[in-house]
1. Kindly indicate whether residue 593 is in contact (Cβ under 8 Å) with a residue 40 or more places away in the chain, surrounded by fewer than 22 Cβ atoms within 10 Å (Cβ to Cβ), part of a loop (DSSP other than H, G, I, E, B) and touching a helix residue (DSSP H, G or I) at 6+ places or on another chain (Cβ under 7 Å).
2. Say whether the condition of being surrounded by fewer than 22 Cβ atoms within 10 Å (Cβ to Cβ), in contact with a strand residue (DSSP E or B) (Cβ under 9 Å, 6 or more places away or on another chain) and farther than 21 Å from residue 879 by Cα is met by at least one residue in segment 1017-1031.
3. When you scan segment 912-936, how many residues do you find that are in contact with a strand residue (DSSP E or B) (Cβ under 6 Å, 6 or more places away or on another chain) and crowded, with 24+ Cβ neighbours inside 10 Å?
4. For segment 958-975, which residues satisfy the criterion of being touching a helix residue (DSSP H, G or I) at 6+ places or on another chain (Cβ under 9 Å) and either at pLDDT below 95 or part of a helix (DSSP H, G or I) (or both)?
5. I'm trying to understand the selection: among the residues of segment 468-479, which are closer than 20 Å to residue 515 by Cα and over 29 Å from the mean Cα position of the chain (by Cα)?
6. Considering only residues that are crowded, with 24+ Cβ neighbours inside 10 Å and over 13 Å from the mean Cα position of the chain (by Cα), which ones fall in segment 349-368?
7. Give, as residue ranges, the strands (runs of 3 or more DSSP E) completely inside segment 665-779 that count at least 3 residues that are more than 24 Å from residue 995 (Cα to Cα).
């Protein structure tokens, strides 16, 4: 029975979530009498904005209302990104927390923005020629009322699934006025507490469509695969709507393979077509490795084509056997990401161009699965996942995190929907809307009840409803880990941020269900360290079946500043209260869709073909479930000191789920002295939808093999090289034909490096111990203890200076005292005597001695400077973020090249995805634009680093023992990174700061609120650290 009058009290009533809405149905497309059945209503609408319902323009939709005086707004699009209201980023808490009082299901009405959209339109002839007309809203946030030609049509909620209404009796030939009144907050807001920016408005497509006298309203394609995974019993369920006088029609059902070959053609009574199954032999099964799609065509009409449906279908079987998830009979591994729909300009109003970029990136980086966090995406995304081959967890639009994480209340009592009967039909409707729309997409393997909504009977009923609607998929819900009263809600054991050792403990203790981390590796800022520890478990425990990184992309919005520039903004930048800061910046892709360095590590650990090269050959382990490496070519390089000296191109054919070994003959190429490394890569043989031929997809590298140089290098004496050594009162200078090196007693170190008279240094180099905190450092409060090293670094002082001289070298030894002693006791400066003027005489002060460090400079006649560093460990000291030496160079030293792991920044816990070689970049480009500036730009396993100003060069080389170093090269000091809130807050680039590091801790990434970097990737301050390196100039 149609309801004729709109009521605002529906906004706060969870039992009213739709009024006069059509039943949910599949997202198939169809033509109408051979013509397009849709007419888009996207574009410019007239618009009125009000901060609260009491101030809204109530009659905006009436035909006698003059809409010309209203503003213009674009559909689709968010209201807050078009000049009305402000975006607000919050994670767990509700957006009104601490601002307005609200008890569920009510929402604050004193601030509840209302957007009133209105448009006059004439419908196309093909729309009006249909038997019935409908209007479809693919996404409106959060609740809306629809009016057509002065009359109330209906009401809808659930921001992320379609709301459709029959408008046949409301429309007419000529101009029609459509009005949509959108409320930002309603009782639905309690169910949509996802970790994202809070927007409102019509943010997905709007269109009208017409249907003929005989219309297939819904289809459900069942591809029942035989037990030997060869044949398919095809069954199509259809709901037929008869709008004409007769309820009988002729139909045709056809099926073609990807070559266009017809494998099924059935003609007959329309209802009879859908009453039987069709047995198909030797079918091609769909998988992410080979996303084979058949084309199903349904035509209604014999002499006249009344309606035509063209639908892509994939044949596959997903099931659980012996507590293992299987796809087409094989154990599946999910190498996944969580993906919010997001664009830095348009918010969640994403385009097909955005989606194509995303899916190509995923395929290029060996990502085979995506969780639609935490709502259904646009239908086009599912089509692309079908076509390109991405496994999916299709997630219901529900998260109620803020209702059950209250400090002093029982979550069983406070959680929504929990066991509360008034919410039951509402959440079941959300399940139904999602499943009915998306059920024909083979990419979806699991349905998800939602995210972080605790537990209870209502969510269990959601899972049972999913199974009733569709028994071909499994059901996922991680909330059972919070509330174990209804364990059968989820078919899998799903955790969030279970660390490797926690996961192992579960898997080693008679697990009852297969395990996934539906969220792991919190990729906030400079992160994703240690991810390999998770993926290594896949080969160890069959019931561990993968994980999904949180998350795919930073959620940040560009804002135009007063000077016309754009700045990427996060929570709090729009003066919204409350907010959750830059917690939205946790993607492996930056918000502007540029790729972060984190992605290289993901690509490596997710590759399904593993390569283990050495100088004699390449071992290949093909973990693909179904496909050989016939689509790939194996390229192998032998590097000598970072440069390729030999290359082999192999077929490298390895069958699925098997190993192979391909012999090489590189040993005869290794006569010259140097360091030899073999690198192997599988590259695409031919162009694909997502990458061109030659794209490098899987890689592996060998350990280094050294061939010693037996020739001794003589540096010569100072006299032979005509080098002068000048001893001043405070300084000692070593002056060669092209170089000048000055060391200072007074300033406590190296004060000048000149080549051909041109200065390279800008300031004296110093020992460094501290880095700007990363998001993970802040989250685990690492700097609460280790932040003291920033103070120590700043106030270290030289207490001794010694010079040794021979005819071949000058050795200058500096001893420094740090203002910290054993057990982390600070040396308080105002309790000590002033520094003595005589070198080597220590101050007595309060009797405490700071720990010692030493720098030894050894200068030889060829102008080479060897620098030896010695940190003396002491008990009771907090961990060191890093240890090494910082060189402030002239700003002009912008270009750099190095031999080490690259090309992107990497760390000791995130360098598997890099390659060994010689790489070049600029200091400017070496800065990583994380949402909040933090330590970045590091490289590991470095043999040498060279910087140039275009005329001269300075080169840092690993010591004679060949121990690589780490380095950073930036235009900013760590303190400047620490203090900046945005990249635009950083000061002018006046210097080039180069750090040569003996030790540098990893970045971590298990989570960003408590977990530390793995112990083996941290730096203890209780042990000595010794390192040396060389400097040369040219």
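The values are calculated or read from the model by the stated rules, or taken from the named source; none is laboratory data. Predicted, not measured: the structure shown is a model, and the values here were computed from it. Note that each Cβ is placed from the backbone with ideal geometry, even for glycine, and that neighbours are counted across all protein chains shown.
1. Working: in contact (Cβ under 8 Å) with a residue 40 or more places away in the chain: yes; surrounded by fewer than 22 Cβ atoms within 10 Å (Cβ to Cβ): yes; part of a loop (DSSP other than H, G, I, E, B): yes; touching a helix residue (DSSP H, G or I) at 6+ places or on another chain (Cβ under 7 Å): yes.
Answer is yes for this residue.
2. Checked against the condition, which is being surrounded by fewer than 22 Cβ atoms within 10 Å (Cβ to Cβ), in contact with a strand residue (DSSP E or B) (Cβ under 9 Å, 6 or more places away or on another chain) and farther than 21 Å from residue 879 by Cα, segment 1017-1031 yields at least one hit.
3. 2
4. Of everything in segment 958-975, those that are touching a helix residue (DSSP H, G or I) at 6+ places or on another chain (Cβ under 9 Å) and either at pLDDT below 95 or part of a helix (DSSP H, G or I) (or both) turn out to be 974, 975.
5. Keep residues of segment 468-479 that are closer than 20 Å to residue 515 by Cα, which gives 472-479.
Across segment 468-479, the qualifying residue is only 472.
6. 349
7. Working: elements: 674-684, 696-701, 705-707, 724-727, 731-735, 739-744, 749-755, 766-768.
Once the strands (runs of 3 or more DSSP E) in segment 665-779 are filtered for at least 3 residues that are more than 24 Å from residue 995 (Cα to Cα), what remains is 674-684, 696-701, 705-707, 724-727, 731-735.
Rundown of residues vs (1) free of Cβ contacts under 8 Å to residues at least 40 places away in the same chain; (2) surrounded by 22 or more Cβ atoms within 10 Å (Cβ to Cβ); (3) touching a strand residue (DSSP E or B) at 6+ places or on another chain (Cβ under 8 Å); (4) assigned to a helix (DSSP H, G or I), yes/no style:
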| residue | (1), (2), (3), (4) |
| --- | --- |
| 172 | yes, no, no, no |
| 179 | no, yes, yes, no |
| 189 | no, yes, no, yes |
| 217 | no, no, yes, no |
| 221 | no, yes, yes, no |
| 224 | no, no, yes, no |
| 230 | no, no, no, no |
| 235 | no, no, yes, no |
